[in-house]
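The values are calculated or read from the model by the stated rules, or taken from the named source; none is laboratory data. Keep in mind it's a predicted model, so treat the numbers as computed, not measured. For neighbour counting, all protein chains shown are included, and Cβ atoms are generated from backbone atoms with ideal geometry for every residue, glycine included.
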Amino acid sequence: MDQIIIIAIAGFISLALGCIIGYYTRQSLAKQRAGSLEAKLVKKVQETKEETEKLVKDAKTQSSKILAESQKEIDERRREFLKAQQLILDREKLLEEKIGAFEKKEDELGKNVEKLKTVKEDLDKLRLEAETKLEKVANLSREDAKKELLSLVEKDSEKDILERMRKVEQAGQDALATKAREIVTLAIQKCAVNHTLELSTTTLHLASEDIKGRIIGKEGRNIKAFEKITGVELIVDDTPDSVVISCFNPVRRQIAKMALDKLIQDGRIQPAKIEEKVEEAKQEISKVIKDAGEKTLYDMNILGVNEKLVQILGRLYYRTSYGQNVLQHSMEVALIAETIAEEIGANAPVAKRAGLFHDIGKALDQQMEGSHIDIGIKILEKFGEKEEIIHAMRSHHGDFPVDSLEGAIVIVADSISASRPGARKDTLENYLQRLSALESIANKFEGVEKAYAIQAGREIRVFVKADKVDDLGVSKMARQIAANIEEELKYPGEIKVTVIRENRVVEYAR
């Protein structure tokens with residue numbers, strides 16, 4: 001037991017000694033580490049101090065340099081300021097000298113004005129005295145003398161004034177005529193419509209003579225059925241390999257031609273087939289007419305047109321006037337009207353649209369009563385065209401007064417398109433013969449000095465001698481010339497007869 005206690009005490013003592021030794025050992029190590037850290041801190045402080053001293057030294061050097069440069073710049077600015085100040089002082093001195101000279105001249109001018117006023121007053125007094133004395137001597141008042149003087153000057157200068165007025169008027173007319181020719185020439189040059197026009201034919205060529213018999217049918221039943229359904233007259237004569245379709249309505253004539261083409265291609269010509277092919281042709285012609293109207297509006301770049309009006313416009317494709325295709329003619333008038341309107345500053349879109357629709361009434365003039373102008377007005381009003389368009393198109397034949405510049409332009413464009421030689425299907429020889437015949441009829445009358453056929457033969461102007469034909473004789477001659485033209489000539493439309501009588505007095509200064 002004692003041994004165990006001794007062993008326990010020895011172990012306790014050993015443990016205590018181990019703890020004491022460990023404690024002092026850790027203390028020694030801590031002191032060593034503390035000494036090493038202190039040395040490092042002292043070294044770091046020394047390095048920081050040296051670096052700070054270096055930065056302060058560099059800052060002092062940089063500050064001295066900046067101060068030197070600033071002082072140099074201040075000195076430079078001071079010199080410039082002193083120089084500018086001296087310049088201002090010099091200018092002030094010069095300005096004061098000029099102001100002094102101006103005040104001196106102003107004083108002199110004031111004195112001269114006073115002198116001029118005095119001289120003017122003296123002159124007015126002298127003039128009044130002279131006028132008073134002149135009135136006493138001439139026995140005329142001032143106003144009477146003025147009127148007398150002006151009258152004499154007017155008489156002496158009247159001839160010169162009239163001559164100058166005539167020259168100015170002639171120069172103005174020449175300039176206007178030149179400008180008008182330029183505008184019309186430009187309009188024709190810009191017009192892109194072909195002058196070689198396609199006309200709807202009335203002659204159908206056959207592959208052989210045998211087809212004529214099949215067209216006629218047994219006892220003529222086929223041809224009778226065809227004429228009844230289509231409303232045309234079918235002429236089958238001795239002309240080889242051809243038949244002629246005759247009808248005043250161009251659309252019906254075209255439907256008949258298309259239906260007959262289909263019947264010949266089908267080979268079965270009988271009343272039932274005739275009805276079938278005519279119906280097919282009517283449907284096709286409606287589409288062709290609408291396509292023609294739409295293509296025209298597309299080519300002309302015109303928008304906002306009612307669909308039914310497009311259909312009516314397309315009908316002009318099968319309408320001709322004196323051999324001229326009316327749709328092509330309308331396109332040409334529209335293009336010419338647009339160009340002229342642009343040149344003279346008018347409303348080009350209105351002139352163009354009115355030019356295109358100016359003959360729209362001809363599409364239905366064979367189905368409605370009235371002139372093509374009246375019919376055209378009704379059509380355009382029905383389908384919502386503007387008043388300015390209707391007013392511009394309705395006066396192109398003189399049936400309505402011209403109440404707008406665009407209306408006058410449409411008249412000019414229509415005349416250019418229709419009246420020039422070659423536009424319509426008259427040969428040049430017939431054209432020249434008609435003009436020559438017109439002039440010959442007028443020249444037969446006694447007292448006629450000269451006669452000119454103008455407007456492509458639509459008008460004849462007759463100048464008579466004033467000493468042989470009086471005013472009453474002028475009216476009588478116009479009626480007689482018109483009656484002779486109606487009896488001797490054949491022509492489309494009407495011819496205007498204008499008889500002119502004027503007095504001229506010519507004197508020569510030698």
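The C-beta contact set for region 74-87 (first residue surrounded by 10 or more Cβ atoms within 10 Å (Cβ to Cβ), second residue among the hydrophobic types (A, V, I, L, M, F, W, C) and modelled with pLDDT of 90 or more, distance under 7 angstrom, 6+ apart or interchain) is empty. Could you list all residues from region 315-356 that are free of Cβ contacts under 8 Å to residues at least 40 places away in the same chain, touching a Ser or Thr at 6+ places or on another chain (Cβ under 9 Å) and not hydrophobic (A, V, I, L, M, F, W, C)? Selection gives Y317, S330. When residues in region 280-338 are screened for being farther than 21 Å from A392 by Cα and of a type in the set (A, V, I, L, M, F, W, C), 5 of them pass. Hey, could you check region 216-239 for residues that are exposed (fewer than 14 other Cβ atoms within 10 Å of the Cβ) and modelled with pLDDT of 80 or more and say which is farthest from K273 (Cα to Cα)? Filtering region 216-239 for residues that are exposed (fewer than 14 other Cβ atoms within 10 Å of the Cβ) and modelled with pLDDT of 80 or more, the one farthest from K273 (Cα to Cα) comes out as E219. Suppose the filter is free of Cβ contacts under 8 Å to residues at least 60 places away in the same chain and within 46 Å of the chain's Cα centre (by Cα); does V278 pass it? It is true that V278 is free of Cβ contacts under 8 Å to residues at least 60 places away in the same chain and within 46 Å of the chain's Cα centre (by Cα).
In this structure, is E80 part of a helix (DSSP H, G or I) and either at pLDDT 85 or above or in contact with a helix residue (DSSP H, G or I) (Cβ under 7 Å, 6 or more places away or on another chain) (or both)? Yes; evaluated as a whole, the condition is true for this residue.
Go through the residues of region 305-321 one by one and say whether even a single one is at pLDDT 85 or above and not in a helix (DSSP H, G or I). Yes.
Those residues that are among the small types (G, A, S) and either surrounded by fewer than 17 Cβ atoms within 10 Å (Cβ to Cβ) or more than 13 Å from D359 (Cα to Cα) (or both), I need them from region 298-320; list them, please.
Going residue by residue through region 298-320, those that are among the small types (G, A, S) are 304, 314.
Matches in region 298-320: G304 only.
For the residues A408, A363, A392, the requirement of being out of contact with any helix residue (DSSP H, G or I) (no Cβ under 8 Å at 6 or more places or on another chain) and either in contact (Cβ under 8 Å) with a residue 12 or more places away in the chain or of a type in the set (G, A, S) (or both) singles out A408.
Taking the options L123, L134, L140, name whichever one is of a type in the set (A, V, I, L, M, F, W, C), outside any helix (DSSP H, G or I) and at pLDDT below 85.
Numbers: L123 fails: outside any helix (DSSP H, G or I); L134 fails: outside any helix (DSSP H, G or I).
Exactly one residue qualifies, and that residue is L140.
In region 348-385, the residue that is farthest from the chain's Cα centre (by Cα) out of those that are among the aliphatic types (A, V, I, L, M) and not in a helix (DSSP H, G or I) is M368. Out of all the residues in region 405-434, which are of a type in the set (K, R) and at pLDDT 65 or above? Of everything in region 405-434, just one residue is of a type in the set (K, R) and at pLDDT 65 or above, namely R434. The single condition among (1) loosely packed, with under 15 Cβ neighbours inside 10 Å; (2) at pLDDT 85 or above that G213 does not meet is (2).
Would you pick out the residues in region 224-282 that are among the hydrophobic types (A, V, I, L, M, F, W, C) and part of a strand (DSSP E or B)?
Restricting attention to region 224-282, the residues satisfying the condition of being among the hydrophobic types (A, V, I, L, M, F, W, C) are 225-226, 229, 232, 234-236, 243-245, 247-248, 251, 255-256, 258-260, 263-264, 269, 272, 274, 278, 281.
Scanning region 224-282 gives L234, I235, V243, V244, I245.
Being small (G, A, S) and out of contact with any helix residue (DSSP H, G or I) (no Cβ under 7 Å at 6 or more places or on another chain) is a description that applies to A207.
Kindly indicate whether V326 is more than 23 Å from L405 (Cα to Cα) and either hydrophobic (A, V, I, L, M, F, W, C) or buried (at least 16 other Cβ atoms within 10 Å of the Cβ) (or both).
On the way: more than 23 Å from L405 (Cα to Cα): yes; either hydrophobic (A, V, I, L, M, F, W, C) or buried (at least 16 other Cβ atoms within 10 Å of the Cβ) (or both): yes.
Here the answer is yes, as V326 does meet what is asked.
Among the residues here, V243 qualifies as in contact (Cβ under 8 Å) with a residue 24 or more places away in the chain and either acidic (D, E) or in contact with a strand residue (DSSP E or B) (Cβ under 9 Å, 6 or more places away or on another chain) (or both).
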